[in-house]
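The block underneath contains the structure these notes are about, expressed in structure tokens.
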Amino acid sequence: MKVIIDGKECEANRGEYLLAVARRNGIEIPTLCHSDAIPGLGSCRLCIVEVIENGWSKVVTSCIFPITREVEVLTNSEKIKRMRKNIVMLLSAEAPNSEKIKELREEYGVPEPKRFHVDNTEKCMLCGLCAKACEELGSSAISTVDRGVNKKVSTPYDEPSAECIGCGACAFVCPTDAIDIKDSEGKRVIWGKSFEMLKCECCGKEFATKEQYEYAHKKSGEKEYSILCDKCKKKLKADQFKEIYGV
């Protein structure tokens, strides 16, 4: 299936998201809340593009727009530039302290928000990617709570969650570095909860919380295991392979 993006003919698979097609063909579309590991969120709307079909155009969110037919796409038309600038303005009002959003504001020539009452310390843009990552892992320790100007991401009742395993996946996927995670002296603190960090039995590197490691092995079904980081685990597997097959 052929799609024309900014004048370039691109091959696409039926059902493939437009953003993925563009990137595979070297056409960059700006994103914030998109993650290859957790597709289909589409909350920040920064990746909007203009789709032209039968002489009519419409604006779609490229990260959640599946290709089902041949269309023409404009990623940087004047209309899209104006709309994207407004989106950056709203994101800036939501999370003015985010360095990433400050960079976008500078790129699109958006002044500091003055029309809105803003918390200048806020970094979270409420995209929900962190909560989705936690849900996908099977913990659901965090979620969006409250409504309106009080809406935020938090644990139930703002208390340390019994479901949180301290894996840090939420902080890893957060596009604006809004989640505070601190590793120090064998401890990790995140969402108001302290975790003991495990050390690799081979190299001595701290690599995971005790709860995270136990959870992973419970999910895998392994009954006996050594406490090894990914690097040492791969080396052990390679050494075992050499020993068995002599290569």
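Normalising by residue count, region 11-55 has a Cα convex hull of 105 Å³ per residue. For the pair I181 and M83, label points projected 7 Å from Cα toward Cβ lie 3.4 nm apart. Residues whose amide H falls under 5 Å from that of I5, counting only those 5 or more places apart or on a different chain, are C10, V73, with hydrogens built in the peptide plane.
For region 1-86, the Kirkwood estimate of hydrodynamic radius, built from reciprocal distances between every pair of different alpha carbons, is 12.8 Å. Rounded to whole Å, the principal axis extents of the Cα atoms in the chain read 63, 53, 27, largest first. Dividing the mean sequence gap of close Cα pairs (under 8 Å, 6+ apart) by how many residues the chain holds gives a relative contact order of 12 percent.
Taking every C-alpha pair closer than 8 Å and separated by at least 6 residues, the mean separation divided by the residue count of region 1-138 gives a relative contact order of 22 percent. With contacts taken as Cα pairs under 8 Å at a separation of at least 6 residues, region 129-245 carries a relative contact order of 17 percent. Projecting label points 7 angstrom from Cα along Cα→Cβ for E11 and D239 puts them 4.4 nm apart. Compactness of region 124-182 was expressed as the Cα radius of gyration divided by 2.2 N^0.38 Å, which yields 1.03.
Each residue of region 55-72 was assigned a 3J(HN,Hα) from its phi angle through the Karplus curve 6.51 cos²θ - 1.76 cosθ + 1.60 (θ = phi - 60°); the sequence is x, 10, 10, 8, 9, 10, 8, 5, 6, 10, 9, x, 7, 10, 7, 6, 9, 10 Hz, with glycine and proline shown as x. Using only Cα atoms, find the angle between the long axis of helix 210-220 and the longest principal axis of the chain, and express it within 0 to 90 degrees, rounded to the nearest 10. Orientation of helix 210-220: about 80 degrees from the principal axis. Using the Cβ-Cβ distance between E201 and T144 with R0 = 51 Å, the FRET efficiency computed as 1/(1 + (r/R0)^6) comes to roughly 0.85.
For region 129-245, a Kirkwood radius taken over Cα pairs fed into Stokes-Einstein (37 °C, viscosity 0.692 mPa s) yields D = 206 µm²/s.
No lab work stands behind these numbers, since they all come straight from the coordinates. The structure displayed is predicted, hence computed values, not measured ones. Counting neighbours? That spans all protein chains shown, and the Cβs are built from the backbone with ideal geometry, glycine included.
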